[in-house]
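Let me begin by presenting the structure, written as structure tokens, before commenting on it.
The values are calculated or read from the model by the stated rules, or taken from the named source; none is laboratory data. The shown structure was predicted, so the numbers you read here are calculated from the model rather than taken from an experiment. Heavy atoms of the whole protein, side chains included, go into the accessibility calculation; ligands, DNA and RNA do not. Shrake-Rupley method; radii C 1.70, N 1.55, O 1.52, S 1.80 Å.
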Amino acid sequence: MKPVMLDGTIVAKEIKENLKDRIAVLSERNITPCLATILVGDNPSSKTYVKMKGNACEKLGINSISIHLPAETNTEQLIRKIDELNSDPSVHGILLQHPVPDHIDERQAFEAISIEKDVDGVTSRGYGQTAFGFGNFPSCTPSAILKILNYYNLSIKGKHAVIVGRSPILGKPVSALLLNEDATVTTCHSQTENLQEILKTADIVVGAVGKPRFIKGEWLKEGAVVLDAGYNKGNIGDVDEESCLAVASAITPVPGGVGPVTIATLLEHTVLSAEK
Ligand code: NAP
């Protein structure tokens, strides 16, 4: 049977529609939600992501401040900029675009974001809250994956979810969110032995590996639900869509799957932060 295409654009549209009323209520209180994005250096993909986020804000009436720092910015200078945004009451969310240049201590910079404005769940406190099942802002991509599963009524409870990738912003928090929803979770990484055997037992597969078309259909169990968080050069996911279409019961396309829901979730978190 043909798999269900999990259309992220529909999910994102619904999230954004629901935000319109909330933004109008805030406007009556003279509050305009505001997201500040910081880009360090000139990574072309990062530039595109930051631009997409800014455009999405503008379309919905959310202010966006785009800060572009030169590649030679050091950790201290970056933290000073983050501190300025932390203490600016008109800014409700701060997003430091990953990756920053190698000479910057990215972890230290992420940790400088105040928890109230950590709309992408990048601080250790934000991650800890996500893992414990509370807090306002789980990382946006993991949160988007859960939203897609819920929108399409795909059951999580008791299912074996296999996540390929364990990054702090994606693999680890999505593992935590699925665990909190009563999935049985296996988190795989570059040192995992027998990855293909593990994937053969997965009811839910999350591709968060950062390698184009890495996960193959032959590795999957018949009827698996596949969520491709990957976004590689040329709009290519971490999942080999063609071979996976033959075995999956449902799959997110790239583009048009997890990506748009991630952006909508970022907007939602910014609005929620403004409401608070
Ligand atoms: P990352 O930080 O590079 O992490 C990649 C993970 O994959 C690491 O945990 C790594 O293991 C693991 N890995 C690498 N090679 C592997 C292998 N052969 N077998 C099993 N695991 C392997 O990447 P990321 O930031 O999490 O991003 C992952 C993907 O998601 C990328 O394609 C990125 O563009 C995409 N992404 C998309 C969105 C969106 O909005 N759609 C947002 C964020 C990221 P080790 O830990 O052992 O190194």
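What to note about this one:
- Theoretical gain in end-to-end length, GLU111 to MET52 [0.36 nm per residue, Cα-Cα removed]: 18.8 nm
- Here LYS53 is the anchor, and the aspartates and glutamates within straight C-alpha reach of less than 14 Å, apart from those fewer than 8 places off in the same chain, are ASP120, GLU268.
- Whether segment 139-258 is rounded, prolate or oblate, judged on the alpha carbon gyration tensor where a/c under 1.5 counts as rounded: rounded
- Phi-derived couplings, Karplus 6.51 cos²θ - 1.76 cosθ + 1.60 at θ = phi - 60°, listed residue by residue for segment 61-75: x, 9, 5, 10, 10, 10, 10, 10, 9, x, 4, 7, 3, 9, 4 Hz, with x used for Gly and Pro.
- In this structure, the amide hydrogen of LEU95, modeled 1.01 Å from its nitrogen in the peptide plane, lies closer than 5 angstrom to those of ALA36, THR37, ILE38, counting only residues at least 5 positions away or on a different chain.
- In angstrom, the C-alpha Rg and Dmax of segment 9-66 are 13.2, 39.
- Lys pairs under 18 Å by Cα in segment 166-272, provided they are eight or more residues apart or on distinct chains: 4
- Whole-Å distance, taken between Cα centres, linking segment 208-223 and segment 6-83: 31 Å
- Accessible surface, the chain, averaged per residue in Å² (probe 1.4 Å): 48 Å²
- Longest to shortest principal axis, alpha-carbon extents of the chain, angstrom: 51, 43, 35
- Bins of 10 Å, starting at 0 and running to the largest distance - Cα pair percent for segment 29-115: 17, 50, 28, 4, 0
- What the phi angles of segment 256-264 give under the Karplus curve with 6.51, -1.76 and 1.60, with θ = phi - 60°, is a coupling list of x, x, 5, x, x, 6, 4, 5, 4 Hz, glycine and proline written as x.
- Anisotropy class of segment 44-168 from Cα gyration tensor, a/c 1.5 cut: prolate
- Whole-percent carbon and sulfur share, accessible surface of the chain, 1.4 Å: 51 percent
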